[in-house]
Amino acid sequence: MIKTFVFTLTVLFCAELLNGLRHSYFKSRDHRRLKEDHEPVFTEKYFSQVMDHFNFNSMGNGTFSQRYLITDKYWKKGYGPIFFYTGNEADIWDFALNSGFIMELAAQQQALVIFAEHRYYGTSLPFGQESFTIHKIGLLTVEQALADYAVMLTELRQQLAATACPVIVFGGSYGGMLSVYMRLKYPNLVAGALAAGAPVLSAAGIGDARQFFRDITADFENYAPECRDAVRAAFQQLQELAEQQDYSRIQSEFALCECPSSAEDVHQLHGLLRNAFTVIAMLDYPYSTQFIGKLPANPVKVVCNTMLSGSDLLANLRNSAGILYNGTGQLSCFDLYRLYVACADPTGCGLGNDGLAWDYQACTEINLCYESNNVTDMFPPMAFTERDRELYCAKRWAVIPRPDWLKTQYWGDALSTTSNIIFSNGDLDPWANGGVRRSLSSSLIAVNIAGAAHHLDLRGANAADPKSVIIARKTEADLIAQWVKMERMKLQP
């Protein structure tokens, strides 16, 4: 469910590229700067955080250093609101450098801005590199992360003499889910939430397992039905080669570093290729980005033009995937198992420690049993059932998933009795239909953004922005201002 950075032009580094919605490894090394305006903004700090908020006698009866970023550049001290980003499944700089709208809103509303890093991601590792062992990863839960944010918020407000300053939480994708949960769980601390591209329903196991890859297909189909047909036909040609066990031809056609030798290798190739279309659909922004890969403006259009560029469909499919995996043109071959890792999230977990952490979360609370079937979508049939998830997770992490836990713990689709949440979704985003698409009350507002990809509204203003996102940001700003005003009346003596 997605970050930004200086692209290192080596095969080894490209193996650290993100393979899913959420994880990027082109880290900017000037962490003091915000991508949109290049002005020094954030100070990086560490908070002494409780390891286990719910057990006084556990292995976590101690503290760890939780990273957060803070700026008071626009803050009217002791009066302006606090805008708190509920960090999700990657390095917190990834989100700070790609959420310029929050800073623009802070300038308008004189807010203090904090980006908090999620435990077990980035540098916020409770047990250092041992955090990802089976015996140490058990403290990675949604509940622990929310408690982290509540404790941090409470203490920082006291330290900064800001206890009368209203708090609005922000998040995109999984971070948007956490923003919703913060408003549900800690309404005493949080006055309102902006949840952008947050699949609060589908990640709780509510909905159709076919929806995600069907909606990706629709993005390419809406550009040109011939594009969808070309992708489907290319995968069919690949399958015919696999059935003939013509592995050397597959290696040649897809510029693989090593020759595949089994049906398992072909399945892995299917996953790698499908993942490229997933990320490109998610990040179909109207300008070039380096958020989850180095992508051109309107990458869906670029991919479709590539798929329709000639009669060699396998070459076109390879080159389309290369738009994500080889955006710099520096890779001489594709490493099948280093560019993409299959995991408990069929939309991609990412690589490195962040990928391990998300894999564990997808094996416990986050329910992402999506499938492609080549009927409702253009991809090869790749099932991922609850049983598949159980078998994988028992083997990998020695855990049994709880498929209904988020639905039970965080209200499922019965959200109408809460208040002050914006659910924003772009209609190009494959995550959108896993979220809330219609307003549930006068303060539970669905903002649907035509022509927008994954949480485009959280990004800073750009000359190429569609009018729809400009209007959406204005709606969000007005609602947040109202919530701040109402909460201030409660808090001010």
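Surface composition of segment 254-310: carbon plus sulfur atoms contribute 48% of the solvent-accessible area (1.4 Å probe, protein chains only, all chains present). Amide H contacts of Phe170: Phe84, Tyr85, Thr86, Leu194, each under 5 Å away and 5 or more positions distant or on a separate chain (H built 1.01 Å from N in the peptide plane; Pro and chain starts excluded). Using the Cβ-Cβ distance between Ser261 and Ala446 with R0 set to 51 Å, the FRET efficiency works out to roughly 0.55.
Treat every Asp and Glu Cβ in segment 275-397 as -1 and every Lys and Arg Cβ as +1, leave all other atoms uncharged, and give the resulting dipole magnitude about the Cα centre to the nearest 20 debye. Display every interim value, and only then the final one.
Details: 8 positive and 12 negative charges, 65 e Å.
Here the size comes out at about 320 debye.
A simple charge model with +1 on the Cβ of Lys and Arg, -1 on the Cβ of Asp and Glu and nothing else charged puts the dipole of segment 143-236 at about 220 debye relative to its Cα centre. Measuring between alpha carbons in the structure, the pairs from Lys294/Lys467; Lys77/Lys136; Lys73/Lys474; Lys77/Lys407; Lys301/Lys467; Lys77/Lys490 lying more than 29 angstrom apart are Lys77/Lys136; Lys77/Lys407. On the basis of the beta-carbon distance and an R0 of 30 Å, Lys474 and Gln237 show a calculated FRET efficiency of 0.05.
Note on the chain: antiparallel DSSP beta bridges, both residues inside, total approximately 40 percent of the bridges counted. For Ile449, nonlocal amide neighbours, meaning residues 5 or more places apart or on other chains whose placed amide H falls under 5 Å from its own, are Asn425, Gly426, Asp427.
On a per residue basis, segment 371-493 carries 48 Å² of accessible surface, using protein heavy atoms and a 1.4 Å probe. When only Cα pairs below 8 angstrom with a gap of at least 6 residues are kept, segment 47-203 shows a relative contact order of 25 percent.
Give the separation of the Cα centroids, segment 400-474 to segment 37-97, in Å. Result: 23 Å between the Cα centres. Helices in the chain, meaning DSSP H runs of at least 4 residues, each add -39500 (n - 2.57). Divided by all residues, the mean residue ellipticity at 222 nm is -11500 deg cm²/dmol.
Can you give me the accessible area per residue for segment 92-211, using a 1.4 Å probe, in Å²? The partial results should precede the final answer.
Numbers: 2920 Å² over 120 residues.
With all protein chains present, segment 92-211 gives 24 Å² per residue.
If R0 is 35 Å, the Cβ-Cβ spacing of Arg438 and Lys73 corresponds to a FRET efficiency of close to 0.45. Ranking Leu406, Thr376, Val447 by Cα position along the charge dipole of segment 365-448, where only Lys, Arg, Asp and Glu carry charges on their C-beta atoms, puts Leu406 farthest toward the positive end.
Of the residues Ser320, Phe291, Val231, the one whose Cα sits farthest towards the positive end of the charge dipole of the chain is Phe291 (charges of +1 on Lys and Arg Cβ, -1 on Asp and Glu Cβ, taken about the Cα centre). For Tyr360, the accessible area of its heavy atoms, probed at 1.4 Å with every protein chain present, is near 20 square angstrom.
The values are calculated or read from the model by the stated rules, or taken from the named source; none is laboratory data. Not measured: the values here are computed from a predicted model. With ideal geometry, Cβ positions are generated from the backbone for all residues, glycine too; neighbour counts draw on all protein chains shown. Surface areas here come from the heavy atoms of the whole protein model, side chains and all, with no ligands, DNA or RNA. Shrake-Rupley method; radii C 1.70, N 1.55, O 1.52, S 1.80 Å.
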